[in-house]
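Structure, as structure tokens:
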């Protein structure tokens, strides 16, 4: 990918608060996410990691500043265009329960990207194949296990042919034995050089798959580094503590 | 005829509605409480009889019950006939509302009551009923709005109510549009007030529930 | 009731039954359509439109059907609109019950999972598309049991048709009484209504099983 290394998402002086200003998610937050990278965001629960990535998809609105995605500033008018390029995988899957697996995967391309039905089905089946669920194409979400649901959700995101995929704690709602199957697919996507921003507590996954890891605290990325530096030589005291608690148990 | 004269003429019959509605509210509450509690107790034969009653009522239009009673039994007065018919009809719905409320109470409370050596009726009266009263008020209000609306039917048993007066008035004025508009507004006001009470209570009940949840979350 | 009386009444009863069944089906279909239209317009969340629909539902939920029916039945001729009585009746039912159906669907819409809506929004769909493809289909499926309950009330509503000179089931029962002063006919009519209700409930349960969404 020739465009790798270019800026994909840029936050410029963004403020975002909750609960009447008490909870700070972003405080004069400026940062650039790079194309072709797997960028993992971690931090203590309640730090606002999910909210941060939900802002990129305009599922949350920011209080101040601007977010620029591939040169386009996120706003009321550009929102729909940007969402077509930025896919999202949610913690609790959010598959459409009244549609079959294949319909879930082709819904976005047909309705939002206005693709031809046959084309969407063809690519949809291809992505279902890649997540190992082609044989469940006609099943309803309720018939699937949690891990399978999340794999369908990933196929659904891939079939939007997105420039960026946001993962919002994709394994947090899963039973422990199903976490692996989802993370393996994410690793595969990461190795393909897809642009991904991932909020997760899976630190061993972060170590293996991430290009960069950032730690969100008090509205800022207090540390951003490659995995080796992040885990072995963190600069910041509270990152050290966090790693001790979560990783080197 | 002036509008206010019309209103005065029509509302001469409103007394019947205003007498009938409270009577039916009280009687259906009594019927509903008794049958609801009996049904909740799940004694086979009694439950089957109550279910039969409820199902039958859910199928029969109130107008048919009014007529059947009026034409079959002599109950002293038309008012009595209307009162009994509406009680039979709406009592079934209140029974279901009460039962639904009782079933929403966590099962453990019955066991807790029993373990304290309390009898069934004692547990009902001091544990279950107080809890469900507030909960079922919105649904009950919805039912009472239907009671109010069904009082438009009582002229078929010979009660000289608003609708009866309306017919008389139209025979004189040939102005059904205004007459029925006035009646519509009158009924709307009464029902709207009940509706308002219902949503008030609903908000405060759900508010309490939210507060309880928040408390639990904080612990 | 002698068998001779009964056999002379039977054709009237069957006619009334036919009218009641057809009017009920018509009323159920039109009320559901009208309720869906109201609910989906409200789901678009356009302020003035929502206010109008709110006022509409409040008015018709709180006004007796019989008054609305008389208003239309006696009112239409006044504005030189000559509609058959049955049309007046069905319009009245639709106006009234549509308001109830709309409220049921609105409740179901509020219960649609936020995440499912977000998933659709995150694909870049417009508000109208999300309402059309996600919120509405899910809400309709969830509200089917309650809409069926409301539909069984619509069957009962049609008994009021007997008061605007339509020979429906109720009127058929009344006619026999007027002729022979024997209330048995009314009780028979009552049983027929219960039978209709039971058949409708059975069909309803089948529909419910078909459309239920598992999560």
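Summary table below
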quantity: Residue in the range B:6-18 that is closer than 29 Å to residue C:172 by Cα, without any contact (Cβ under 8 Å) to a residue 24 or more places away in the chain and either in contact with a strand residue (DSSP E or B) (Cβ under 7 Å, 6 or more places away or on another chain) or exposed (fewer than 14 other Cβ atoms within 10 Å of the Cβ) (or both) present; calculated: no
quantity: Residues (surrounded by fewer than 19 Cβ atoms within 10 Å (Cβ to Cβ) and more than 14 Å from chain A (Cβ to nearest Cβ)) located in the range C:118-147; calculated: C:145, C:146
quantity: Checklist (1) part of a loop (DSSP other than H, G, I, E, B); (2) within 14 Å of chain C (Cβ to nearest Cβ); (3) buried (at least 16 other Cβ atoms within 10 Å of the Cβ) applied to residue A:61, failing item; calculated: (3)
quantity: The range C:152-186, subset more than 12 Å from chain B (Cβ to nearest Cβ) and under 22 Å from the mean Cα position of the chain (by Cα), residue surrounded by the most Cβ atoms within 10 Å (Cβ to Cβ); calculated: C:166
quantity: Yes/no for residue C:40 being crowded, with 19+ Cβ neighbours inside 10 Å, modelled with pLDDT under 95 and either out of contact with any strand residue (DSSP E or B) (no Cβ under 9 Å at 6 or more places or on another chain) or over 26 Å from residue C:174 (Cα atoms) (or both); calculated: yes
quantity: Helices (runs of 4 or more DSSP H) completely within the range B:108-159 that count 2 or more residues being within 14 Å of chain C (Cβ to nearest Cβ), within 15 Å of residue B:202 (Cα to Cα) and at pLDDT 85 or above; calculated: B:129-150
quantity: Residue C:53 surrounded by fewer than 23 Cβ atoms within 10 Å (Cβ to Cβ) and at pLDDT below 90; calculated: no
quantity: Helices (runs of 4 or more DSSP H) lying entirely in the range B:1-90 (those with 2 or more residues that are within 14 Å of chain C (Cβ to nearest Cβ), in contact with a helix residue (DSSP H, G or I) (Cβ under 8 Å, 6 or more places away or on another chain) and at pLDDT 90 or above); calculated: B:14-41, B:44-59, B:62-72
quantity: Residue within the range C:90-113 that is assigned to a helix (DSSP H, G or I) and more than 29 Å from residue C:137 (Cβ to Cβ) present; calculated: yes
quantity: Selected residue [at pLDDT below 90 and either within 14 Å of another protein chain (Cβ to nearest Cβ) or surrounded by 20 or more Cβ atoms within 10 Å (Cβ to Cβ) (or both)] from B:215, B:168; calculated: B:168
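Listed here are the residues, each with its yes/no results for (1) at pLDDT 95 or above; (2) under 14 Å from the mean Cα position of the chain (by Cα).
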position: C:61; (1), (2): no, yes
position: C:80; (1), (2): no, no
position: C:95; (1), (2): yes, yes
position: C:98; (1), (2): yes, yes
position: C:103; (1), (2): no, yes
position: C:109; (1), (2): no, no
position: C:112; (1), (2): no, no
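The values are calculated or read from the model by the stated rules, or taken from the named source; none is laboratory data. The model shown is predicted, which means the values in this text are computed figures rather than measured ones. Glycine also receives a Cβ, built like all others from the backbone with ideal geometry; neighbour counts cover every protein chain displayed.
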